[in-house]
Ligand SMILES: NC(=O)c1ccc[n+]([C@@H]2O[C@H](COP(=O)([O-])OP(=O)(O)OC[C@H]3O[C@@H](n4cnc5c(N)ncnc54)[C@H](OP(=O)(O)O)[C@@H]3O)[C@@H](O)[C@H]2O)c1
């Protein structure tokens, strides 16, 4: 198929391109030429350098080519999706949109397991610290609305993938590395709250396969799919599995969420601090993807060693907030002392 992708050299998209190329598709990429994750043979794709917000540039691409499918890997706002509809609607028969489980996680209501049709529950009160991104989830819902409308008006046939935390080598959020580096230093781990709320991750290569497999099955047109691992992890389960792989077992200290949230290092400008810490259990049904796409996920035990290796031997920089690690440890020691004294006082 003749494929146009907006994106293609970032974390998720480069894995999708790799598979598209391997499967013999004719692939063109729209990028600004800044990102350089090239997991594929550069000579086997065409690069159209430009900004996705440049209407003239995209119009030219749409008018001068007969693409069979457009992958939009990086629409974050309704305006961005609307522009895609205006430029490519009626010209490209199929659009594949990259969405997120955050469209559910901004809801007041979460009914587990969360199915694809649970995407319209009323929004919760605006919550700045929503670990799944409050404004991000709201905006991604709006992208979806614009695209479903276009689908219903016959502008193109839309499919969407909603992913949870995406993990693996090259993750720009470096979420796994946050914990890998802390487990490896052997000092106590600060666990926000109980660490018991469960959720799912997805390995980037499994996600990429689902994106490419959408092209193989006509019944996927007009549908959204949750694509996540079959394994369900709480933060505690995740750390159990990670500690086993790393052959380390540092002390874990639970800190009350209200206290944790006031700690200056509980948020970081560098990115996602204390990832996989959730405030409620959210489990995503992948029955639809299993049925329509024959989706299967790689186990944590299989994908994590390569990811650890990439962080330690290729990435090699500090993880998010690691500059404040000594403050984390200092706080943990104070918290333990406080808890001990409290127990002493009440007994
Ligand atoms: N990471 C997660 O855990 C997660 C979870 C759920 C959903 N998602 C979704 O996944 C998508 C992001 O994935 P990703 O971070 O791995 O990135 P990505 O899909 O790989 O996209 C980055 C690519 O887009 C290009 N790009 C960025 N801004 C551009 C612009 N203005 N014009 C043209 N090209 C541009 C980049 O190249 P240049 O920089 O060279 O332009 C790069 O090729 C988003 O839709 C997000 O909502 C992510």
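The values are calculated or read from the model by the stated rules, or taken from the named source; none is laboratory data. Predicted model, so just to flag it, every value in this text is computed and none were measured. Backbone-built Cβ (ideal geometry, glycine too); neighbour counts: all protein chains shown.
Scanning the range 243-290 for residues that are in a helix (DSSP H, G or I) and either in contact with a helix residue (DSSP H, G or I) (Cβ under 9 Å, 6 or more places away or on another chain) or surrounded by 16 or more Cβ atoms within 10 Å (Cβ to Cβ) (or both) returns 243, 244, 245, 246, 259, 260, 264, 265, 266, 288, 289. When every residue of the range 207-219 is checked against the conditions, none turns out to be in a strand (DSSP E or B), modelled with pLDDT of 95 or more, within 17 Å of the chain's Cα centre (by Cα) and within 16 Å of the ligand (Cβ to nearest atom).
Take the residues of the range 52-70 that are assigned to a helix (DSSP H, G or I) and touching a helix residue (DSSP H, G or I) at 6+ places or on another chain (Cβ under 7 Å): which is farthest from residue 92 (Cα to Cα)? Selected residue: 55.
Go through the residues of the range 115-122 one by one and say whether even a single one is within 22 Å of residue 289 (Cβ to Cβ), part of a strand (DSSP E or B), touching a helix residue (DSSP H, G or I) at 6+ places or on another chain (Cβ under 9 Å) and touching a residue at least 60 places away in the same chain (Cβ under 8 Å).
Within the range 115-122 (the criterion being within 22 Å of residue 289 (Cβ to Cβ), part of a strand (DSSP E or B), touching a helix residue (DSSP H, G or I) at 6+ places or on another chain (Cβ under 9 Å) and touching a residue at least 60 places away in the same chain (Cβ under 8 Å)), the answer is no, since none of the residues qualifies.
For residue 191, the criteria (1) on the phi > 0 side of the Ramachandran plot; (2) away from the ligand (no atom under 16 Å from the Cβ); (3) in contact (Cβ under 8 Å) with a residue 24 or more places away in the chain hold in every case but one, which is (1). For the range 135-180, the tally of residues that are free of Cβ contacts under 8 Å to residues at least 60 places away in the same chain and either touching a helix residue (DSSP H, G or I) at 6+ places or on another chain (Cβ under 7 Å) or within 14 Å of the ligand (Cβ to nearest atom) (or both) stands at 4. Selection of the range 30-46 for residues being touching a residue at least 24 places away in the same chain (Cβ under 8 Å) and either in a strand (DSSP E or B) or within 9 Å of the ligand (Cβ to nearest atom) (or both) yields 30, 31, 35, 36, 37, 45. Taking first residues from the range 8-29 that are free of Cβ contacts under 8 Å to residues at least 40 places away in the same chain and within 12 Å of residue 211 (Cβ to Cβ) and partners that are outside any loop (DSSP other than H, G, I, E, B) and within 13 Å of the ligand (Cβ to nearest atom), the Cβ contacts under 7 Å between residues at least 6 apart in sequence or on separate chains come to 17/5; 17/27; 17/29; 17/45.
With the condition kept exactly as written, say whether any residue in the range 80-89 is in contact with a helix residue (DSSP H, G or I) (Cβ under 9 Å, 6 or more places away or on another chain) and not in a helix (DSSP H, G or I).
Narrowing the range 80-89 to residues in contact with a helix residue (DSSP H, G or I) (Cβ under 9 Å, 6 or more places away or on another chain): 80-89.
When the remaining residues are screened for being not in a helix (DSSP H, G or I), the result is 89.
Yes, because at least one residue in the range 80-89 is in contact with a helix residue (DSSP H, G or I) (Cβ under 9 Å, 6 or more places away or on another chain) and not in a helix (DSSP H, G or I).
In this structure, is residue 26 crowded, with 21+ Cβ neighbours inside 10 Å and either at pLDDT 95 or above or within 9 Å of the ligand (Cβ to nearest atom) (or both)? It is false that residue 26 is crowded, with 21+ Cβ neighbours inside 10 Å and either at pLDDT 95 or above or within 9 Å of the ligand (Cβ to nearest atom) (or both).
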